[in-house]
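Peer 1: To start, I am sharing the structure in question, which I have written as structure tokens.
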Amino acid sequence: MKLPDFEQFEPMNALRKQMGADELGSFEPFDPKLQLTSLEVDSLSKSYLDIPFDRLRFLPDDTLAYKNARVFVFERKAAEQQDMGLAVYSYHFAHCKHLKGGGKLKPPKGSKVFIATEYTHELASVLANISQEPSFELRPCWECLHALRVDGFDGDKHRKRLHSEQVWRSFKMSDFTQKFTMYPLPEELWG
């Protein structure tokens, strides 16, 4: 069977013109269950998304993902810790004891969380409203640092406590995003 040359096939060219496709293109499959939509990509690049906790996935490297993006998770609760008089709001980036339910603080089933690929001004404003504090610190989850053993961090060993506290105080999201690709994840990790 011989197929016509579709570049020269007039009925196909007429249909293409009716569709407003001036040039020939290529098709890339898209699955909104596995891939971020353009609106979600835009929201994540400018601010955050509000999703049910159950929609998060844990990647083989123990980092957190939503669809085809690695993400940070901010829970919908006020800061609970104090550090030198400031309220401390924790964010998660790993499948830590807290998110696994090993601690009493696991988000209840169906609860919503904020996710982001970076810390933006809009997200900071939302967290400030939630914390109801005039000023607060944003710090990584102690258990997330332990889960990924960031810079030799060990939250269990007392002899490493000073080193671990230093890592906790100095850790920045940009340190994480330099080591891990946030978006898009390789196709084999879309799960």
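The values are calculated or read from the model by the stated rules, or taken from the named source; none is laboratory data. Remember, predicted model here, so these are calculated numbers, not experimental data. Cβ sites come from the backbone with ideal geometry, for glycine too, and all protein chains shown count toward neighbours. All accessible areas refer to the heavy atoms of the entire protein, side chains included, with ligands and DNA or RNA removed. Shrake-Rupley method; radii C 1.70, N 1.55, O 1.52, S 1.80 Å.
Peer 1: Filter the range 30-71 down to residues that are among the hydroxyl-bearing types (Ser, Thr, Tyr) and assigned to a loop (DSSP other than H, G, I, E, B) and give me whichever is surrounded by the most Cβ atoms within 10 Å (Cβ to Cβ). Working first, answer last.
Peer 2: Initially, the range 30-71 is screened for residues among the hydroxyl-bearing types (Ser, Thr, Tyr), giving 37-38, 43, 45, 47-48, 63, 66.
Then keep just the ones that are assigned to a loop (DSSP other than H, G, I, E, B); that gives 37, 47-48.
Details: Thr37: 11, Ser47: 18, Tyr48: 22.
Among those residues, the one meeting the criterion is Tyr48.
Peer 1: Something else: Going through the range 100-114 one residue at a time, which ones are modelled with pLDDT under 85, in contact with a strand residue (DSSP E or B) (Cβ under 8 Å, 6 or more places away or on another chain) and either among the aliphatic types (A, V, I, L, M) or buried (at least 18 other Cβ atoms within 10 Å of the Cβ) (or both)?
Peer 2: Pro107
Peer 1: Go through the range 40-62 and count every residue that is among the aromatic types (Phe, Trp, Tyr) and touching a residue at least 60 places away in the same chain (Cβ under 8 Å).
Peer 2: First, the residues of the range 40-62 that are among the aromatic types (Phe, Trp, Tyr): 48, 53, 58.
Going one step further and asking which of them are touching a residue at least 60 places away in the same chain (Cβ under 8 Å), we end up with 48, 53.
Residues flagged as among the aromatic types (Phe, Trp, Tyr) and touching a residue at least 60 places away in the same chain (Cβ under 8 Å) within the range 40-62 amount to 2.
Per-residue answers, yes or no, for (1) more than 25 Å from Val41 (Cβ to Cβ); (2) modelled with pLDDT of 85 or more; (3) in contact with a helix residue (DSSP H, G or I) (Cβ under 7 Å, 6 or more places away or on another chain):
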site: His98; (1), (2), (3): yes, yes, yes
site: Ala116; (1), (2), (3): no, yes, yes
site: Leu145; (1), (2), (3): yes, yes, yes
site: Gly152; (1), (2), (3): yes, yes, yes
site: Glu165; (1), (2), (3): yes, yes, no
site: Met173; (1), (2), (3): no, yes, no
site: Lys179; (1), (2), (3): no, yes, no
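Peer 1: Scan Leu138, Leu162, Leu123 and give me the residue that is farther than 20 Å from Leu59 by Cα, outside any loop (DSSP other than H, G, I, E, B), among the aliphatic types (A, V, I, L, M) and open to solvent by 50 Å² or more (accessible area, probe 1.4 Å). Reasoning before the result, please.
Peer 2: Values: Leu138 fails: open to solvent by 50 Å² or more (accessible area, probe 1.4 Å); Leu123 fails: open to solvent by 50 Å² or more (accessible area, probe 1.4 Å).
The match here is Leu162.
Peer 1: Here's something else I'd like to know. If I go through the range 135-176 residue by residue, how many of them are aromatic (Phe, Trp, Tyr) and more than 19 Å from the chain's Cα centre (by Cα)? Don't jump to the end; show me each part of the working.
Peer 2: Here is the first cut: in the range 135-176, the ones aromatic (Phe, Trp, Tyr) are 136, 142, 153, 168, 171, 176.
Applying the additional criterion that residues be more than 19 Å from the chain's Cα centre (by Cα) yields 136, 153, 168.
Final tally of qualifying residues: 3.
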